[in-house]
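The values are calculated or read from the model by the stated rules, or taken from the named source; none is laboratory data. Note that this is a predicted model, so its numbers are computed, not measured. FYI the Cβ positions are ideal-geometry reconstructions off the backbone, even for glycines, and counts take in every protein chain you see.
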Amino acid sequence: MRVAIQGELGAFSHEAAMKLVKGAEIVPFSLSAEVFAALSSGKVDAAAIPIENSLAGSVSEHFDLLLEHNVKIVQETLLRIRHNLIAMPGAQLYALKRVYSHPVALAQCRRFLASHPEMSAFAYYDTAGSVKHVMEQRDMHAAGIASAAAAECYGAQILSAGIEDNPENYTRFLLVLRAAEAQIDPEANKISLAFSLVNRPGSLSDALLELKALGTNLTKIESRPVHGKPWEYIFYVDCQIHGAAEEERVLEALGRHCGMVKELGRYREARTEENHD
């Protein structure tokens, strides 16, 4: 299966894709929009995308892309994010002057960077891309912050492992297929939905009260602005469910209060415990 990711080979998305689809052929793209375009056009079979991080929050662009394209979420996994300081083979920690990585990764390693004031931090478009850059430049005074897989992928060395501030750092990744090819897991116990509300007072609370009345557990709610319609919003929710019948009741209940309801996927909920060593 050809699985698209945003970022370079060796990125955390690469690691998540291999966890979601054993033996996958990874197809990297620079932009998330390119990932979804490749999936929609049939250039790849699936996409593995991050949707939220336990520390940094949601990846807002991916909510918009899930709604825009005719795709379905079929699986999720939680990946423990371990940041490593990675440099050229033979480089020495004391000699480093520059550190590159994605802004989120730099922010998650503040204490390490603060303890090494001789290193200047520079934002880069991708964690694995920062390691690729250091290796291409053959810069003995620079390093990237990325996964251990990135070090292996580009023949670099890890100078310091596990440099993230908070060990409870997980990213939730989704496996997305074209809607026509998506098959529902018979053990699915979670749904993701997008909906817009009728413009009347209390419409959001009314919709949520419908879910409460059904006994449906809402595990996430996110709002995103509607492009081209100032001050109008799309709401994204994740709900725990107990079978297809409950899903139908949820969709019916929301339909009474919403101008639009779209099921983004039904799949098995991932557990953090599966990532503990």
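For the range 173-202, what are the residues that are of a type in the set (A, V, I, L, M), closer than 26 Å to Gly259 by Cα and part of a loop (DSSP other than H, G, I, E, B)? Answer for the range 173-202, where residues must be of a type in the set (A, V, I, L, M), closer than 26 Å to Gly259 by Cα and part of a loop (DSSP other than H, G, I, E, B): Ala182, Ile184, Val198.
Conditions (1) among the hydroxyl-bearing types (Ser, Thr, Tyr); (2) assigned to a helix (DSSP H, G or I); (3) more than 29 Å from Ser41 (Cβ to Cβ); (4) modelled with pLDDT of 95 or more, marked per residue:
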{"residue": "Ala105", "(1), (2), (3), (4)": "no, yes, yes, yes"}
{"residue": "Phe112", "(1), (2), (3), (4)": "no, yes, yes, yes"}
{"residue": "Phe122", "(1), (2), (3), (4)": "no, no, yes, yes"}
{"residue": "Ser130", "(1), (2), (3), (4)": "yes, yes, yes, yes"}
{"residue": "Val134", "(1), (2), (3), (4)": "no, yes, yes, yes"}
{"residue": "Asp139", "(1), (2), (3), (4)": "no, no, yes, yes"}
{"residue": "Ile158", "(1), (2), (3), (4)": "no, no, yes, yes"}
{"residue": "Glu164", "(1), (2), (3), (4)": "no, no, yes, yes"}
{"residue": "Thr171", "(1), (2), (3), (4)": "yes, no, no, yes"}
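Within the span defined as the range 56-68, every residue fails to be touching a His at 6+ places or on another chain (Cβ under 9 Å) and of a type in the set (A, V, I, L, M). Comparison of Ala150, Ala128, Ala146 shows that the only residue that is within 18 Å of the chain's Cα centre (by Cα), closer than 30 Å to Asn70 by Cα and not assigned by TED's automatic domain parsing to the domain that holds Ala17 is Ala128.
With the structure loaded, tell me whether Leu93 is surrounded by fewer than 21 Cβ atoms within 10 Å (Cβ to Cβ), more than 17 Å from Val176 (Cα to Cα), in contact with a Leu (Cβ under 8 Å, 6 or more places away or on another chain) and not small (Gly, Ala, Ser) or whether it fails that test. When the stated conditions are applied, Leu93 passes them. Applying the set (1) in a loop (DSSP other than H, G, I, E, B); (2) touching a helix residue (DSSP H, G or I) at 6+ places or on another chain (Cβ under 6 Å); (3) surrounded by fewer than 20 Cβ atoms within 10 Å (Cβ to Cβ) to Gly10 leaves exactly one unmet item: (3).
Of the residues contained in the range 221-239, one or more are found to be over 20 Å from Val176 (Cβ atoms), modelled with pLDDT of 85 or more, part of a strand (DSSP E or B) and of a type in the set (A, V, I, L, M). Of the residues making up the range 25-43, those that are over 18 Å from the mean Cα position of the chain (by Cα) and part of a loop (DSSP other than H, G, I, E, B) are Gly42, Lys43.
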